[in-house]
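Structure first, then comments.
Quick note: the coordinates plus some simple rules give every number you see, no bench work behind them. Owing to the predicted nature of the structure, the values given are computational and were not obtained by experimental measurement. Note that we place each Cβ from the backbone using ideal geometry, even for glycine, and neighbour counts take in every protein chain shown.
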Amino acid sequence: MARARTGPRKSIFDPVHGVIGFSGLSLALIGQGAFQRLWGIRQTGFAHLVFPGANHTRLEHSLGVYAVASAMAETLDLSAEDAALVGAGGLLHDLGHPPFSHTLEATMREVLGHGHERVSRSWIIGERTGDPVPDGRRPRSIPELLEANGVSPAAVADLVDPPPGREPRPLLRAMLHGAIDADRIDYLQRDAHYTGVAHGAIDAARLLDTVRARGGRLVFAEKGRSAVEGFLVGRALMYSSVYYHKTVRAAEVMAQAAVERGPGFPEAAAELFGRTDGELLVELRRRGGLPERLVRMLLERDLYKRAYAARSVGPALRDRLRRLALRPSLRRETEDALAARLGAPPGTVLLDLTGLDAREPAGSDWSEVGVLEGDRLAHPFRPPSVWRALALRPPTLWAASVYVAPRYRAAAERWFGRSGLRLP
């Protein structure tokens, strides 16, 4: 983002990117209440229960995306206006995350009908505004700050949450949401740093030095090819080692169940997605019943155990599991029917279906990653490339997993060991 030559300037010392400077619009945006809420949202959900250092937040990540996007803009020699636009998008892209980041994304979609990107858009265009300050004054809204600095709120919102059927400003969009983008360049390094898992130690400096624009798309110079290939390897290993770790997933399905099985669901859950991590846990404990018990177990790290994991499933079972994934209410009914088979109460058995068709989100088409070879644009991840299989490698080997409360683990392992994943 273009920085003003006059006015206040601040420096933030970041363990991943070093000193990040802010002034003008960027400084004003990070002071917004909606942005400061991100201090209370863990970047990696419940990964801290497996990797104790993983207590970094969405706010730190958003600052890092701004830093990477700004470095990209400088390398690409973008205009001051485009640099400001993509910098604002980097700062604001995660405003809408629910507590514990992606843990509750599917539940948010069930309840609200959309994900965190749409909530981010609502803040950027002013559909949501901050509460009045104690003396009754209304703080300037995010769109007011953007407009006062010559940046279109609608243009920023379109980078964060593109309108259906079209992708405005494809180059700028790719800088924030593509196969190799500012978002991933930051979070792979940041998550590796805080978890202690070395797989995410990508060559970010080389990527940022060799990024190019061609035909309205991001590509990389030939000398950056090894950094591109290293990024692919790091991404694949971080997903399997950290984001889809079986114990991390145990905690995440428990948190999801605590929200989904609370009184008054789904209507009563709508207001939970604007909370911080701590606020969510306090509210769920207050509601009592199964939500309170699950939260207590999470806080004491008394986690559900994986009793069965299906590495491969036949077409008929896969179709049934997909229906459960698409219809959460039916998935909960199936979980409770499985619990009844064990003579256990509802909520004792939880299904994890994230591995069923686990793939990267939209915008992650590795076949479109381009590397310049002289004047020719090559696509190293298109078939029959040896890298193709790794680019398409699922982040988990398990199509579906069954988690159970610890006291029922032995009975569940015996049951599923005999019958496999036989659904009611």
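Annotations for the structure displayed:
- Of the peptides 231-238, 36-43, 411-418, 254-261, the ranking by mean beta-carbon count within 10 Å, highest at the top, reads 254-261, 231-238, 36-43, 411-418.
- Rounded if a/c under 1.5, otherwise prolate or oblate - region 328-424, Cα gyration tensor axes: prolate
- Sequence-distant residues sharing a close amide H with Phe220 (under 5 Å, placed H): Arg212, Gly370, Val371, Leu372
- Between Leu377 and Asp209, the C-beta separation translates, for a Förster distance of 25 Å, into a calculated FRET efficiency of about 0.85.
- Residues of region 379-419 with an amide N closer than 16 Å to a point placed 7 Å from the Cα of Arg217 along the Cα-to-Cβ direction: 379-385.
- Listed peptides 149-158, 320-329 by packing density, highest first (mean Cβ within 10 Å): 149-158, 320-329
- Protection proxy ranking for 394-401, 287-294, using the average of other Cβ atoms within 10 Å per residue and placing the highest first: 394-401, 287-294.
- Farthest towards the positive end of the charge dipole of region 307-354, among the residues Leu330, Leu350, Ser312, is the Cα of Ser312, using unit charges on the Cβ of Lys, Arg, Asp and Glu.
- Of Tyr244, Met108, Gly215, farthest towards positive along the dipole that unit charges on Lys, Arg, Asp, Glu beta carbons give the chain: Tyr244
- Rounded to the nearest 20, the Cβ-based charge dipole of region 241-340 about its Cα centre (Lys and Arg +1, Asp and Glu -1) stands at 520 debye.
- Global geometry of the chain, whether rounded, prolate or oblate, following the gyration tensor of its Cα atoms and the 1.5 cut on a/c: oblate
- Computed label-point distance, nm, for sites Glu81 and Arg296 using a 7 Å Cα→Cβ extension: 6.0
- Helix-only arithmetic for the chain: the sum of -39500 (n - 2.57) across DSSP H runs with n ≥ 4, divided by the residue total, places the mean residue ellipticity at 222 nm at -13500 deg cm²/dmol.
- Placing R0 at 22 angstrom, the Cβ-Cβ distance between Ala316 and Ser367 gives a FRET efficiency of 0.10 after rounding to 0.05.
- Amide H partners (placed H, <5 Å) of Asp14, local residues excluded: Val19, Ile20
- Of all aspartates and glutamates in the structure, those lying under 16 Å Cα to Cα from Lys223, and not within fewer than 8 positions of it along the same chain, are Asp203, Asp209, Glu373, Asp375.
- Between Ser11 and Asn55, the simple label model (points 7 Å from Cα in the Cβ direction) yields a spacing of 2.7 nm.
- Farthest toward positive dipole pole in the chain [+1 Lys/Arg, -1 Asp/Glu at C-beta], among Leu372, Gly196, Gly87: Gly196
- Residue by residue, region 25-34 carries 3J(HN,Hα) couplings of 4, 4, 5, 5, 5, 6, x, 5, x, 4 Hz when phi is fed to the Karplus relation 6.51 cos²θ - 1.76 cosθ + 1.60 (θ = phi - 60°); x denotes Gly or Pro.
- Straight-line cross-link reach from Lys246 at under 28 Å between alpha-carbon atoms covers these lysines, not counting any fewer than eight positions away in the same chain: Lys305.
- The charge dipole of the chain, taken about its Cα centre with unit charges on the Cβ of Lys, Arg, Asp and Glu (plus for the first two, minus for the last two), comes to roughly 1420 debye.
- Computed from phi, the 3J(HN,Hα) profile of region 177-189 under the Karplus parametrisation 6.51, -1.76, 1.60 (θ = phi - 60°) reads 8, x, 4, 10, 9, 5, 4, 6, 4, 6, 5, 5, 5 Hz, with x in place of Gly and Pro.
- With R₀ fixed at 30 Å, the C-beta to C-beta distance from Ala410 to Glu333 puts the FRET efficiency at about 0.75.
- Estimated dipole of region 112-223 in Debye, rounded to 20 [Cβ of Lys and Arg +1, of Asp and Glu -1, Cα centre]: 260
- Three-way shape label, region 371-413, alpha-carbon gyration tensor, a/c 1.5: prolate
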